[in-house]
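**Student:** Here it is: the structure, laid out below.
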Amino acid sequence: MARNRTIIDCYTDEPAGLGVPPFLGVWPRYLAGKYRDLPNYLTIDDLRMANFRRKPKRKKLYPRTGKTRKDLINHTREYEEILEIINNSDQLLFVAGVQTPGKYLSAEPGSIGEILKLTKKFPKINRILTGPAASAGSQRLGGRSAEIARDKDFNSIRPIRFKTYDQLQKYAMKGARIFQDLPHNRRVVEIETGRGCLRKNGCSFCTEPLKHDPEWRSPQDIIDEVEKFMDYGASAFRLGKQSCLYSYQGGDGDKLEKLVKGIAELEPQVFHFDNANPAMINEQKTELLVKYLTPGSTAAIGVESFDDQVIQKNNLNSDFATTYRAIELLNEIGGERGANGNPKLLPGINIILGLEGETKQTLERNFKALKRIMDDGLLFRRVNIRRVVPFPGTPLAERVGDKFLRRNKKYYKRWIKKVRKQIDFPMLKKIYPEGTILKNMYTEVNHGNKTFLRQLGSYPIVAGVDQRLPLGEKYSVKITGHNPRSLKGEILD
């Protein structure tokens, strides 16, 4: 007898892969494709709605005043249909795992604790935990300990595994159908290019080496998956499920060109990528990416620290000189502004707090490095600052755990505020001067009489306008001012 399975997408965020709306992650799709009969697809927002005693009124989901309920707006169906699907299910398959915590504009990922709370209403249905949380744990706020699932809390804990990329291709193509279950097509589809890290010994904190050995998908398999999604109505894609796109196929430039050219020829509305090792960034591959990607992409550079002692103790992948040259190259080749109002390809800088060897002076060295890059006239799209989480099995967890995080956390708040005020704020003014027009911006959330908009893409900038607009609509926005990490604007059409 066939089981009636339902996937609950709790949204995943990993060092190499994003699945928090407006992104659609890989794990629920792969899981769906593994089964002969395609499972139902719901989100954690649907499960939250199912816990209401009665059908919530529309003003509960889309209030006319105040803040948008970002924990509910990504529901896929109406209340009665959600209840019917869940009550008719034999298994609820929870895809969860947040390992690179951040603030999300229009979604609220589900934690293991929340899953257990929300499923009390359905005690007879088997609960199965899967996704990154099943293999490497999860957590919600940077600097707190990893949230590890207990066997007694679930009927089964099952990581999503596949032996080879040939096996994965069948899952990926079949599972793409869940795109049809989304309430709209304003999603960026995360596409996997490879897994693992080419470095023999990875960074001390990273969970990627724990999951699998290095392996790459073929260009044609990736192109076929993108084409399948476009058949289902998708138009925005990010090559994000890899530790470094510049390292694709071991650094083979010809295969990288075959991949990005093949996707570009399908003419997606948005085509971006995510991670890049600064030591692998070179002129040839940067020119390829700028040629074939759509404007507004960000090469997220895992700098983590500019302190030589921290770099050495944590086996980080780049020193200041290497990182500086990578940022310089991206500016020289990708700094030109594109048709949608964004520079074509800029670097993004990732900083992690609490690494082994960190001192108060580490923070000052990080600030001075950022300041020098900015003062030299180079642009970077954003600075992501996160507190490290020592996940079990990583070298960091085994050697020092959160020792340095606890020792130095008293310095963090003031330092972060300094970066936001003296680095982020003037940098946004340089990248998006007043009068800049950003096209194809979607209304995502309301906050009182303000509406916040973003383009679809990788690390899109947020712009707030002094109007309460309907959500999901597309506008062009003229920039009129700046906040430390966002823009002020006015609607043009």
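**Student:** Return yes when residue 237 is touching a strand residue (DSSP E or B) at 6+ places or on another chain (Cβ under 9 Å) and assigned to a strand (DSSP E or B) and no when it is not.
**Tutor:** Here the answer is yes, as residue 237 does meet what is asked.
**Student:** Go through 170, 124, 120, 103 for me and flag whichever is surrounded by fewer than 18 Cβ atoms within 10 Å (Cβ to Cβ), in a loop (DSSP other than H, G, I, E, B) and at pLDDT 90 or above.
**Tutor:** Exactly one residue qualifies, and that residue is 124.
**Student:** Would you mind telling me which numbered condition in (1) basic (Lys, Arg); (2) buried (at least 17 other Cβ atoms within 10 Å of the Cβ); (3) outside any helix (DSSP H, G or I) residue 200 fails?
**Tutor:** Every condition holds for residue 200 apart from (2).
**Student:** From 55, 70, 60, which residue is modelled with pLDDT under 90, surrounded by fewer than 20 Cβ atoms within 10 Å (Cβ to Cβ) and of a type outside the set (A, V, I, L, M)?
**Tutor:** The match here is 60.
**Student:** Which of the residues spanning the range 227-242 are under 18 Å from the mean Cα position of the chain (by Cα) and of a type outside the set (Lys, Arg)?
**Tutor:** Answer for the range 227-242, where residues must be under 18 Å from the mean Cα position of the chain (by Cα) and of a type outside the set (Lys, Arg): 234, 235, 236, 237, 239, 240, 242.
**Student:** OK, next. Would you point out the residue of the range 191-249, among those that are of a type in the set (Lys, Arg) and modelled with pLDDT of 80 or more, that is farthest from residue 354 (Cα to Cα)? Lay out the reasoning, then the answer.
**Tutor:** Looking only at the range 191-249, we keep the residues that are of a type in the set (Lys, Arg), and these are 195, 199-200, 211, 217, 228, 238, 241.
Of the ones still in play, those that are also modelled with pLDDT of 80 or more are 195, 217, 228, 238, 241.
Values: 195: 26, 217: 34, 228: 42, 238: 29, 241: 25 Å.
Checked the range 191-249; the qualifying residue farthest from residue 354 (Cα to Cα) is 228.
**Student:** Please name all residue pairs, on different chains or six or more residues apart, with Cβ atoms under 6 Å, provided the first residue is in the range 80-97 and is within 19 Å of residue 108 (Cβ to Cβ) and the second residue is surrounded by 13 or more Cβ atoms within 10 Å (Cβ to Cβ) and of a type in the set (Asp, Glu).
**Tutor:** 82/46; 95/9
**Student:** Scan the range 359-385 for residues that are crowded, with 19+ Cβ neighbours inside 10 Å and either aromatic (Phe, Trp, Tyr) or over 26 Å from the mean Cα position of the chain (by Cα) (or both) and jot them down.
**Tutor:** Of everything in the range 359-385, those that are crowded, with 19+ Cβ neighbours inside 10 Å and either aromatic (Phe, Trp, Tyr) or over 26 Å from the mean Cα position of the chain (by Cα) (or both) turn out to be 362, 380.
**Student:** Of all residues in the range 1-25 being polar (S, T, N, Q) and in contact with a helix residue (DSSP H, G or I) (Cβ under 7 Å, 6 or more places away or on another chain), which is farthest from residue 190 (Cα to Cα)?
**Tutor:** 6
**Student:** Test of understanding: among 445, 462, 389, 400, which residue is at pLDDT below 95 and either outside the structural domain of residue 240 (by TED's automatic domain parsing) or over 26 Å from the mean Cα position of the chain (by Cα) (or both)?
**Tutor:** 400
**Student:** Is it true that residue 111 is at pLDDT below 95, of a type in the set (S, T, N, Q) and buried (at least 19 other Cβ atoms within 10 Å of the Cβ)?
**Tutor:** Numbers: at pLDDT below 95: yes; of a type in the set (S, T, N, Q): yes; buried (at least 19 other Cβ atoms within 10 Å of the Cβ): yes.
It is true that residue 111 is at pLDDT below 95, of a type in the set (S, T, N, Q) and buried (at least 19 other Cβ atoms within 10 Å of the Cβ).
**Student:** Scan the range 327-352 for residues that are under 14 Å from residue 370 (Cα atoms) and among the small types (Gly, Ala, Ser) and jot them down.
**Tutor:** 348
**Student:** Counting just the residues of the range 284-325 that are out of contact with any helix residue (DSSP H, G or I) (no Cβ under 9 Å at 6 or more places or on another chain) and part of a strand (DSSP E or B), which one comes out surrounded by the fewest Cβ atoms within 10 Å (Cβ to Cβ)?
**Tutor:** 300
**Student:** Scan the range 445-464 and give yes if some residue there is of a type in the set (D, E, K, R), touching an Asp or Glu at 6+ places or on another chain (Cβ under 7 Å) and crowded, with 20+ Cβ neighbours inside 10 Å, otherwise no. Spell out how you get there, then give the answer.
**Tutor:** In the first step, residues of the range 445-464 are kept if they are of a type in the set (D, E, K, R); the result is 450, 454.
Now narrow it down to the ones that are touching an Asp or Glu at 6+ places or on another chain (Cβ under 7 Å): 450, 454.
Among the residues that remain, those that are also crowded, with 20+ Cβ neighbours inside 10 Å are: 454.
Yes; the residues of the range 445-464 include at least one that is of a type in the set (D, E, K, R), touching an Asp or Glu at 6+ places or on another chain (Cβ under 7 Å) and crowded, with 20+ Cβ neighbours inside 10 Å.
**Student:** Please enumerate the residues belonging to the range 56-74 that are part of a helix (DSSP H, G or I) and within 25 Å of the chain's Cα centre (by Cα).
**Tutor:** Step one: filter the range 56-74 for residues part of a helix (DSSP H, G or I), giving 58-61.
61 - this is the single residue of the range 56-74 that is part of a helix (DSSP H, G or I) and within 25 Å of the chain's Cα centre (by Cα).
**Student:** Got at least one residue in the range 296-310 being β-branched (Val, Ile, Thr) and in contact with an Asp or Glu (Cβ under 6 Å, 6 or more places away or on another chain)?
**Tutor:** Going through the range 296-310, the residues β-branched (Val, Ile, Thr) turn out to be 298, 301, 303, 310.
In the following step, the residues that additionally are in contact with an Asp or Glu (Cβ under 6 Å, 6 or more places away or on another chain) were identified as 310.
Yes - at least one qualifying residue is present in the range 296-310.
**Student:** Is it the case that the range 351-361 has a residue that's without any contact (Cβ under 8 Å) to a residue 40 or more places away in the chain and either not aliphatic (A, V, I, L, M) or not in a helix (DSSP H, G or I) (or both)?
**Tutor:** No, the range 351-361 has no match at all.
**Student:** Can you tell me which of 77, 53 is in the same structural domain as residue 153 (by TED's automatic domain parsing), free of Cβ contacts under 8 Å to residues at least 24 places away in the same chain and assigned to a loop (DSSP other than H, G, I, E, B)?
**Tutor:** Sole residue among the options that is in the same structural domain as residue 153 (by TED's automatic domain parsing), free of Cβ contacts under 8 Å to residues at least 24 places away in the same chain and assigned to a loop (DSSP other than H, G, I, E, B): 53.
The values are calculated or read from the model by the stated rules, or taken from the named source; none is laboratory data. All figures in this text were calculated on a predicted structure; none of them were measured in a lab. Using ideal geometry, Cβ is built from the backbone for each residue, glycine included, and neighbour counts are taken over all protein chains shown.
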